[in-house]
Amino acid sequence: MALPRSTLARYSTRMEDYRTSRLVLRRWKDTDREAFAQLNADPEVMEHFPGVMDRAASDALVERFEAHFAEHGFGPWAIEVHGGESFIGCVGLVHVGFAASFTPAVELTWRLARRSWGHGYASEAARAVCRFAFAELRLPALVSFTVPANQRSRAVMARLGMTHDPRDDFDHPRFAEGHPLRRHVLYRLSATSWAKGITVREERASDVDAIHRVEAAAFPTDAEAKLVDELRRSGALTLSLVADVAGEVVGHIAFSPISVDSEAGRVVGVGLAPMAVLPAQQRRGIGARLIEEGLARLRAAGHRFCVVLGHPDYYPRHGFVRADARGLRWEVPGHGDSFFVHELAPGALDGAAGVVRYRPEFDEV
């Protein structure tokens, strides 16, 4: 759906900073320019663009981003990692600057340094921008486009729920006829589709049976399903979220209190367990949405840190680090490579080294 320019002019709500479980989306700093220039000079990053940029061209692009903010209240934000790298790339919204069958329109765009690929950062940042676009700006739709060979970006678009109709593919007017980058594929995402997609919300009394079914279906036995029932019965669910698709509960995540026996005394945190997604709904990013929303809510509620026992290739993508590196160990030995912690506030783990103990309900699992 093309957007009339008069309609686009209304959308000026500002997003200065936006935090996800691992990232900060923020306005640009002068110190970002050197790192952005290095990113734009990387041939692999720029493989599907007209070519690498020198420092002057890269700085000029930042100036265009800032001008877009000044005119519209939004644009591409700089991305940094919580407690880590101060700049890894950019993500945001821009008005499409050329005439095509789908314009006027707002484009969702991103560009990340190569060292930050493969961690799910692009999807995490782009989801945050989609939420802002639809919940705050009230945009009716977004588009993204790239060359057919750019499978990395196309995979991100698909994970966001964007759809591709080959009839929408177009020749980019800024490339000459015959140029290998002239042909582009177009992906669309409407506010209606976003709203009808995955909704993450707190559990309701009417969800109890559905949560039990999800947990039982996702694991070899019903032990995890029974664990959630027992935690709920004991009033020990710090936070219980479900993923809802078209009114059906397809995923669930539970957080409950944990304690650390440290030299400074008893320290209280939160444990993530269990998390489950129906097998037929897996590999859609539902687990990631549950984790991101859960950590964001815990952080907002003032909780200090969260631990999890899980797959070593999965949880580090969501900001978890090995717990033993922060002086924490599970009371059951032999799990150092799969026991992780996420600090929800700076300095929250200072002086918290020691043995992590879960609720007694976990003893039955």
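Looking at this structure, is SER101 assigned to a loop (DSSP other than H, G, I, E, B), touching an Asp or Glu at 6+ places or on another chain (Cβ under 6 Å) and surrounded by fewer than 17 Cβ atoms within 10 Å (Cβ to Cβ)?
No, not satisfied.
Tally the residues that are out of contact with any helix residue (DSSP H, G or I) (no Cβ under 9 Å at 6 or more places or on another chain), in a helix (DSSP H, G or I) and over 20 Å from ALA35 (Cα atoms), restricting the search to region 106-134.
Total meeting the criteria: 2.
Yes/no matrix, rows are residues, columns are (1) touching a Phe, Trp or Tyr at 6+ places or on another chain (Cβ under 8 Å); (2) assigned by TED's automatic domain parsing to the domain that holds ALA216; (3) among the β-branched types (Val, Ile, Thr):
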site	(1), (2), (3)
ALA276	yes, yes, no
GLN282	no, yes, no
ARG289	no, yes, no
GLY294	yes, yes, no
ARG297	no, yes, no
HIS311	no, yes, no
TYR314	no, yes, no
VAL321	yes, yes, yes
GLY327	no, yes, no
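Would you say SER234 is over 19 Å from the mean Cα position of the chain (by Cα) and in contact (Cβ under 8 Å) with a residue 40 or more places away in the chain?
Values: over 19 Å from the mean Cα position of the chain (by Cα): yes; in contact (Cβ under 8 Å) with a residue 40 or more places away in the chain: yes.
Spelling it out, SER234 is indeed over 19 Å from the mean Cα position of the chain (by Cα) and in contact (Cβ under 8 Å) with a residue 40 or more places away in the chain.
For the list (1) over 23 Å from PHE145 (Cα atoms); (2) within 27 Å of the chain's Cα centre (by Cα); (3) modelled with pLDDT under 95, I need the number of the one condition that SER206 fails.
SER206 satisfies all of (1) over 23 Å from PHE145 (Cα atoms); (2) within 27 Å of the chain's Cα centre (by Cα); (3) modelled with pLDDT under 95 except (2).
Criterion first (within 21 Å of VAL200 (Cβ to Cβ) and either modelled with pLDDT of 95 or more or among the basic types (Lys, Arg) (or both)) does ALA273 satisfy it? Even if it seems obvious, please write down each step before you answer.
Numbers: within 21 Å of VAL200 (Cβ to Cβ): yes; either modelled with pLDDT of 95 or more or among the basic types (Lys, Arg) (or both): yes.
For ALA273, the condition - within 21 Å of VAL200 (Cβ to Cβ) and either modelled with pLDDT of 95 or more or among the basic types (Lys, Arg) (or both) - is met.
Before we move on, is THR13 modelled with pLDDT under 90 and not in a helix (DSSP H, G or I)?
On the way: modelled with pLDDT under 90: yes; not in a helix (DSSP H, G or I): yes.
Judged against the criteria, THR13 is a match.
Tell me, which residue of region 315-360 that is without any contact (Cβ under 8 Å) to a residue 24 or more places away in the chain and of a type in the set (Val, Ile, Thr) is surrounded by the fewest Cβ atoms within 10 Å (Cβ to Cβ)?
Kept after step one, since they are without any contact (Cβ under 8 Å) to a residue 24 or more places away in the chain, are these residues of region 315-360: 320-322, 324-325, 332-334, 336, 347, 350, 360.
Okay, now just the ones that are also of a type in the set (Val, Ile, Thr), so 321, 332.
Working: VAL321: 15, VAL332: 12.
Filtering region 315-360 for residues that are without any contact (Cβ under 8 Å) to a residue 24 or more places away in the chain and of a type in the set (Val, Ile, Thr), the one surrounded by the fewest Cβ atoms within 10 Å (Cβ to Cβ) comes out as VAL332.
Find the residue count for region 58-92, including only residues that are aliphatic (A, V, I, L, M) and within 16 Å of the chain's Cα centre (by Cα). So that I can check it myself, show each step before the final result.
Filtering region 58-92 for residues aliphatic (A, V, I, L, M) gives 60-62, 67, 70, 78-79, 81, 88, 91.
Those left that are additionally within 16 Å of the chain's Cα centre (by Cα): 78-79, 81, 88, 91.
The total comes to 5.
From (1) farther than 22 Å from SER234 by Cβ; (2) in contact (Cβ under 8 Å) with a residue 12 or more places away in the chain, pick out the condition that doesn't hold for ALA276.
(1)
The values are calculated or read from the model by the stated rules, or taken from the named source; none is laboratory data. Keep in mind it's a predicted model, so treat the numbers as computed, not measured. All Cβ positions, glycine included, derive from the backbone under ideal geometry; neighbour counts span all protein chains shown.
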